[in-house]
Amino acid sequence: MAEVVLFVAFPYLALALAVFGGIYRYRHSRFTYSSLSSQLLENRRLFWGSVPWHYGIVIVLLAHLVAFLVPGVWARVIADPTALYTFEVIGFALALAALTGLCVLIWRRLTQPRIAAVSTVMDWALLLVLLVQVVLGFWVSLVYRWGADWYLHTAVPWLLSLVVLDPQTQYVSSLPWVVKLHMLNGFLVIALFPFSRLAHLVAFPFWYLWRPYQVVIRNRGN
Ligand code: HEM
């Protein structure tokens with residue numbers, strides 16, 4: 001029963017909150033879809049936190065996604081031991097970069113009075129949940145080696161079973177609790193998405209890449 005609540009009901013609830021909460025926020029306060037940058041208040045520590053955090057976490061999450069979307073291709077790539085070792089080491093280095101960056105961002109918010117003054121309860125909750133998530137991910141990859149491989153036979157079929165609305169918890173039920181916590185906290189991150197600064201993920205101005213040039217014309221009203 002507990003398994004159904006944790007690995008079926010909770011993921012669906014988190015996804016529903018992310019989708020419907022996201023739509024609600026977009027319709028009611030569209031212009032708050034932002035990271036609410038604090039760069040003007042403090043820039044140097046922001047740089048040393050934000051850059052390693054974003055490079056580390058974005059690439060790690062892309063790897064999570066690629067292995068989920070094209071498991072066959074991923075399996076063929078890591079069938080070569082050299083590729084597997086290389087991914088393991090790169091993943092580890094990226095996780096370390098993300099963790100270091102996140103710690104700098106938290107330390108900046110704690111120690112800079114101007115940043116602390118503009119921080120909300122949700123900012124702190126999000127930072128805590130992300131910290132727990134990255135520490136758990138790091139722990140999993142350190143203690144339970146070759147995650148790039150066993151992820152394909154555990155998390156991927158479980159996540160796929162959720163997508164096709166035929167939940168199968170047996171793929172994850174015998175995993176160590178650290179791995180389970182990483183998965184559940186991952187869905188907590190998803191649930192917080194529309195209610196926190198994470199919303200800026202969908203506000204990233206990708207369209208700038210194909211937007212036409214702006215022609216700026218001076219209008220003196222003569
Ligand atoms: C339910 C969704 C998720 C599942 C099933 C999952 C699963 C995994 C697995 C199996 C690993 C070990 C990979 C390895 O050892 O090579 C891992 C590592 C990791 N995960 Fe997740 N994860 C999820 C969500 C997330 C989220 C949302 C984040 C961050 C916001 C995250 C951050 C990390 C990090 C930083 C690592 C360490 C990477 C490395 O050292 O290679 N994960 N995850």
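Read-outs throughout are calculated quantities, based only on the coordinates presented, and are distinct from any laboratory measurement. From a predicted model like this one, the values you see are computed outputs, not experimental measurements. Every residue, glycine among them, receives a Cβ derived from its backbone with ideal geometry; neighbour counts consider all protein chains shown.
Comparing Val172, Val77, Val135, which has the greatest mean-square fluctuation in the GNM of the chain with Cα pairs linked when under 10 Å apart? Judging by the Gaussian network model, the answer is Val77.
Relative to the current alpha-carbon distance between Phe68 and Val215, full extension at 0.36 nm per residue lengthens the span by 48.6 nm.
Taking the centroid of alpha carbons for each part, region 89-136 and region 1-71 are 13 Å apart. Straightening the chain between His28 and Leu142 buys 36.7 nm, computed as 0.36 nm per residue apart minus the Cα-Cα spacing.
Between Tyr12 and Ala83, the FRET efficiency from the beta-carbon distance, with R0 = 41 Å, is close to 0.75. Think of region 2-209 as a dipole: +1 on every Lys or Arg Cβ, -1 on every Asp or Glu Cβ, centred on the Cα centre; then among Thr86, Leu69, Tyr24, Tyr24 lies furthest on the positive end. Note on the chain: with a GNM built from Cα contacts shorter than 10 Å, the maximum mean-square fluctuation among Leu36, Leu136, Leu126 falls on Leu36.
For region 1-84, evaluate the Debye formula with one uniform point scatterer on each Cα (no solvent term) and list log10 I(q)/I(0) at q = 0.23 Å⁻¹, rounded to two decimals. Rounded to two decimals, the profile gives -1.07. Over region 2-209, all Cα pairs binned in 5 Å intervals from 0 give whole-percent P(r) values of 1, 6, 13, 17, 19, 17, 14, 8, 4, 1, 0, listed from short to long. Highest GNM mean-square fluctuation among His153, His28, His200, for the chain modelled with Cα contacts below 10 Å: His28.
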